[in-house]
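The block underneath contains the structure these notes are about, expressed in structure tokens.
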Amino acid sequence: MVLATTQSAFCIVELDSIDSTNEEAKRRGLQGAPEGLVIWAHRQTKGRGRHGRSWSSPRGNLYVSFLLRPNCPVAQALQIGFVASLAVAAIVGDVLPETRGVRCKWPNDVLVNGRKVAGILLESASDPRGGVAWLVLGIGLNVAWRPEDVAGAYSATALAHEGLAATDLRPILERLCRHLEDGLAEWESAGFGAVRSRWLKSAYALDDRITVRLADGTVTGRFVGLDASGAMLVSDERGTIRVVCAGDVFPPDHQSDPLPVKA
Ligand code: BTN
């Protein structure tokens, strides 16, 4: 294990391998580790994604979790996911030669040329007064390795497939820390409105028809914006606005049936 500091307020702990950086940050958070701890692992044996999915984590990609203790209710703290996706979009824009195709997909994915390059997993617990006891912000960024496409899921890409030549992870992580620190400062001082305006400028499918897969069905309509909490606003054909708090966004014609098994 190597301990290092960046030029930012974050303190990075670099690990060769761990079950999940989110799990390790949570373990240390429960033992009283301070805000700003960053767990970075070169591989994960039990990397996890949103909605209980697994996150393939071989060497070559970035797996990192930030321990944060924001002074606000848990629901508000989840807005940090938008801050984080903007930070990831910014580094992707910094390092790729062609940056026009970088988009933030609700709630917290980052796409390059229509393919998912990064995912974000927020986990938290509240204290007895409804504040945040701990919050772990986990980021998986595909740098050198691109996961195979999975039926019904978004196609994935990696920075190396999009033209990045130098896949050294440390400078990417240090850039990420700086963008995240700036974004958190903006969120704290200017509020979610400022973050939401920036996010909407790079939003995937804003004003387009989309389908959102929910836990218990789907919603199809036009993606018209975010409410003050970060929930997605979807307008149906009669103009009725649905407020969507959790789900996966796809184009309306996305293939959601399992792909045929190859012989
Ligand atoms: C998603 O489903 O899109 C979110 C994926 C989040 C993956 C990252 S990798 C680092 C951190 N540790 C985990 O186990 N998951 C997150």
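All of the numbers you see were taken from the coordinates with simple rules; none came from a lab. For clarity, every value in this text was computed on a predicted model and none was experimentally measured. Every residue, glycine among them, receives a Cβ derived from its backbone with ideal geometry; neighbour counts consider all protein chains shown.
Percent of Cα-Cα pairs more than 13 Å apart in region 71-132, please. Walk me through the numbers before you get to the answer.
Values: 1172 of 1891 pairs.
Summing the P(r) of region 71-132 above 13 Å gives 62 percent of all pairs.
Provide the packing ranking of 79-85, 238-244, 11-17, i.e. peptides ordered by the mean count of other C-beta atoms within 10 Å per residue, highest first. Walk me through the numbers on the way to the answer.
Numbers: 79-85: 24.3, 238-244: 12.0, 11-17: 16.1.
For the peptides 79-85, 238-244, 11-17, the packing ranking is 79-85, 11-17, 238-244.
Kindly provide the pair-distance distribution of region 75-228 built from C-alpha pairs, with 5 Å bins from 0 and whole-percent values in order of increasing distance.
In order of increasing distance, the bins hold 2, 9, 17, 21, 21, 15, 10, 5, 1, 0 percent.
Bins of 5 Å, beginning at zero and ending with the bin holding the largest distance: percent of Cα pairs per bin for the chain, please.
Calculated P(r), rounded to whole percents: 1, 6, 13, 17, 19, 18, 13, 8, 3, 1, 0, 0.
Given all pairs of different Cα atoms, what value in angstroms does the Kirkwood hydrodynamic radius of region 1-85 take?
Details: mean 1/r = 0.0732 Å⁻¹.
Result for region 1-85, one decimal place: 13.7 Å.
If R0 is 51 Å, what FRET efficiency do you get for Ala133 and Ser155 from their C-beta distance, rounded to 0.05?
It comes to 0.90.
Which length gain, in nm to one decimal place, applies between Gln31 and Leu233 when the Cα-Cα distance is subtracted from 0.36 nm times their residue separation?
Working: separation 202, 0.36 × 202 = 72.72 nm, distance 3.88 nm.
That pair, Gln31 and Leu233, stretches by 68.8 nm at full extension.
Near Gly52, within a Cβ-to-Cβ distance under 13 Å, what is the net charge of the other residues, with Lys and Arg +1 and Asp and Glu -1? Walk me through the intermediate numbers first.
Numbers: positive: Lys46, Arg48, Arg50, Arg53; negative: Glu123, Asp248.
That works out to +2.
Report, in whole Å, the centroid distance computed from the Cα atoms of region 186-230 and region 22-75.
24
I need the per residue convex hull volume for region 1-151, using only the alpha carbons, in cubic angstrom as a whole number. List each step's numbers first, then the result.
Working: hull volume 18.5 nm³, N = 151.
Dividing the Cα hull volume of region 1-151 by its residue count gives 123 Å³.
Per DSSP H run of n ≥ 4, the term is -39500 (n - 2.57); total these for the chain, divide by its residue number, and report the mean residue ellipticity at 222 nm rounded to 500 deg cm²/dmol.
Working: 5 runs with 62 residues, N = 263.
Helix contribution divided over all residues of the chain: -7500 deg cm²/dmol.
Percent relative contact order of the chain, based on C-alpha pairs within less than 8 angstrom and at least six residues apart? Walk me through the numbers on the way to the answer.
Details: 539 pairs, mean separation 41.5, N = 263.
Relative contact order for the chain comes out at 16 percent.
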